[in-house]
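Written out below as structure tokens is the structure these notes cover.
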Amino acid sequence: MRDNHRRTRGNPTLHGAILEAPLAERRLALVRSGTHPLEILALARWPRCESDLLSAIANNKRWVRHYDIVRALCRNPKTPLRAALHLIHQLKPMDLLWILGETRINPALRTKVMDLFKTRIRSLTPGEMIGLAKNARGKAAMHLLGETADPRSFSALLDNRSLREIDLLQYIHGKRATPQTLKQIAAHNRWKRSIKILAALVANERTPLDAALPLVESLRIPELREILTAGHVSPIVLGVVRRYHEE
């Protein structure tokens, strides 16, 4: 996607005074010819900025030519929904992903962003998808699970320290996990140290036998017992689990 935005340049610390100015002065800054873009960026990022002022920035063609300002407006929970919805189509995939992982953002905005994100990532190259998987932060990493079947980008996602155990467990138990991705999880050095992950993989009938069976010996009695009472477990795996449980 071609980026036609300008970048805000300069020292941000030189433009923080606008946050201390009276409201009338902040309003005037939007239309004053000498206003530096970093002053507007400071307002767009400010958690206490007035919503109507954020809306005015969003509707000002002069300021939304700057990508940093657009991104800051979309990230600010106080930006009115209508204004943010108008701007999200300008965001890059990584910034869409950031919004998905931020619980302070309006749920209606996150829903629209999710739809846009799913459409946008279809056009990413494998290299771009790997970069996204490596650099997703916070809860954003969770939203990439199930969005890629490419082994390299899925491996990069498993390496991502922001990916949480609870999110990976939900993925393993869900419908979007594939035999290939389950096998990758089973072989991953970080995740095969988690008893909960191992038990979920063994209990999942979609986990290939050559990946599931070696994991059984690492399970404890409580996990073995739970698998014996679970449904949809491979009969072959169930037989091995029963043997270990009885020993």
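Taken together, the values in this text are just the output of simple stated rules run on the coordinates, not laboratory data. Just so it is clear, the model here is predicted, and its values are computed rather than measured. Here Cβ is always computed from backbone atoms with ideal geometry, including for glycine, and neighbour counts include all displayed protein chains.
Odds and ends about this structure:
- Checking the Cα-Cα distances for Lys118/Lys175; Lys139/Lys175; Lys61/Lys118; Lys92/Lys192; Lys92/Lys118; Lys112/Lys134 against a 22 Å cut-off, the pairs over it are Lys61/Lys118; Lys92/Lys192; Lys112/Lys134.
- Listed by chain and number, the aspartates and glutamates whose C-alpha is less than 17 Å from the C-alpha of Lys196, apart from same-chain residues fewer than 8 away, are Glu165, Asp167, Glu205, Glu217, Glu223, Glu226.
- Entry note, the chain: the mean residue ellipticity at 222 nm calculated from DSSP H runs of n ≥ 4, each adding -39500 (n - 2.57), is -15500 deg cm²/dmol after division by the residues and rounding to the nearest 500.
- Remark on His66: its backbone amide H falls under 5 Å from those of Arg6, a criterion applied only to residues 5 or more positions apart or on other chains, H modelled at 1.01 Å from N.
- Distance between the pseudo-spin-label points of Arg243 and Gln90 (7 Å out from Cα toward the beta carbon): 6.4 nm.
- Gain on full stretching of the segment that runs from Asp150 to Asn59 - 0.36 nm per residue minus C-alpha separation: 28.8 nm
- Residue-span extension gain [Leu81 to Ala24] - 0.36 nm each, minus C-alpha spacing: 18.2 nm
- Additional length obtainable on full extension of the chain from Asn135 to Val31, 0.36 nm per residue less Cα span: 33.7 nm
- Of the trypsin sites (Lys or Arg not before Pro) found in the stretch 191-247, those in coil by DSSP whose Cβ has at most 14 other Cβ atoms within 10 Å are Arg220.
- The chain - percent relative contact order, Cα under 8 Å, separation 6 or more: 10 percent
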